[in-house]
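Q: This is the structure I want to talk about, given as structure tokens.
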Amino acid sequence: MIDFGIFTFVDIEGTVKRSLHSPFAVDDYHAFKDTLSDTKEVLYLLDNAGEIVFDRILIETMVAHGKRVLAVVKGSPVLNDCTKADAIEAGLAEVCEVIDNGSDAVGTILDGLP
């Protein structure tokens, strides 16, 4: 909701206040939990560099529950997306394997993964 890569102006304070007092637009938690219970490995596509600290908490939780997580970052900087250097700085490489997608394109093209 606060993405300077796609918005020219962001009301940070207003956005945070509205978010704290609004229900989730989509709540797929139970489906996520059920799917996660049936898998051993997770391919986790990381996005914005500022979100990586929250991603780490979720990844740590999945690893603590016996999941093998492979985190994928951008191959080189694009907009505000995280890179391998960001993942290392956030300590994510200490929690799971981190690879880059080999691309500086917006998004991740799954067919192009190494």
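The values are calculated or read from the model by the stated rules, or taken from the named source; none is laboratory data. These figures come from a predicted structure and were not determined experimentally. Counting neighbours? That spans all protein chains shown, and the Cβs are built from the backbone with ideal geometry, glycine included. Please note that ligands, DNA and RNA were not included when accessible areas were found on the heavy atoms of the full protein model with its side chains. Shrake-Rupley method; radii C 1.70, N 1.55, O 1.52, S 1.80 Å.
Q: What whole-number value in Å² describes the accessible area per residue of the chain for a 1.4 Å probe?
A: Values: 7970 Å² over 114 residues.
Per-residue accessible area for the chain comes out at 70 Å².
Q: Mind checking the stretch 34-74 for trypsin sites (Lys or Arg not before Pro) that DSSP puts in a loop (not H, G, I, E or B) and that have at most 16 other Cβ atoms within 10 Å?
A: Working: sites: Lys40, Arg56, Lys67, Arg68, Lys74; in loops: Lys40, Lys67.
Sparse-neighbourhood loop trypsin sites (Lys or Arg not before Pro): Lys40.
Q: Further question: Work out, in µm²/s and without decimals, the Stokes-Einstein translational diffusion coefficient of the chain at 4 °C, 1.567 mPa s, Rh from Kirkwood over C-alpha pairs. Mind dumping the intermediate values first?
A: Numbers: Rh = 15.6 Å.
Approximately 83 µm²/s, per Stokes-Einstein.
Q: Excluding residues on the same chain fewer than 8 positions from Lys74, give the lysines whose Cα lies under 19 Å from its Cα.
A: Of all the lysines, those that pass the test against Lys74 - Cα under 19 Å, at least 8 places apart if same chain - are Lys84.
Q: Same structure again: Could you work out the relative contact order of the chain, using alpha carbon pairs under 8 angstrom and six or more residues apart, expressed as a whole percent? It would help to have the intermediate numbers written out before the result.
A: Working: 135 pairs, mean separation 24.7, N = 114.
Relative contact order here is 22 percent.
Q: Separate question: Roughly how many whole Å is it from the C-alpha centroid of the stretch 15-29 to that of the stretch 34-91?
A: If you average the Cα positions of each part, the centres end up 22 Å apart.
Q: Right, another one. Provide the FRET efficiency to the nearest 0.05 for the Leu70-Lys33 pair, computing r from the beta carbons and using R0 = 25 Å. Present the calculation step by step, with values, prior to reporting the outcome.
A: Details: r = 20 Å, r/R0 = 0.80.
That pair, Leu70 with Lys33, gives E of 0.80.
Q: With r as the distance between the Cβ atoms of Val26 and Val78 and R0 = 41 Å, compute the FRET efficiency 1/(1 + (r/R0)^6) and round to 0.05. Intermediate results must be reported in sequence, preceding the final value.
A: Working: r = 26 Å, r/R0 = 0.63.
That pair, Val78 with Val26, gives E of 0.95.
Q: Compute the length gained on full extension between Val63 and Phe9: take 0.36 nm times their separation in residues and subtract their Cα-Cα distance, giving the result in nm to one decimal. Could you put the intermediate results ahead of the total?
A: Numbers: separation 54, 0.36 × 54 = 19.44 nm, distance 3.67 nm.
Difference between extended and current length: 15.8 nm.
Q: Moving on. Out of the total accessible area of the chain (probe 1.4 Å, heavy atoms of protein only), what percent is carbon and sulfur? Working shown, then result.
A: Working: 4690 of 7970 Å².
C and S atoms contribute 59 percent here.
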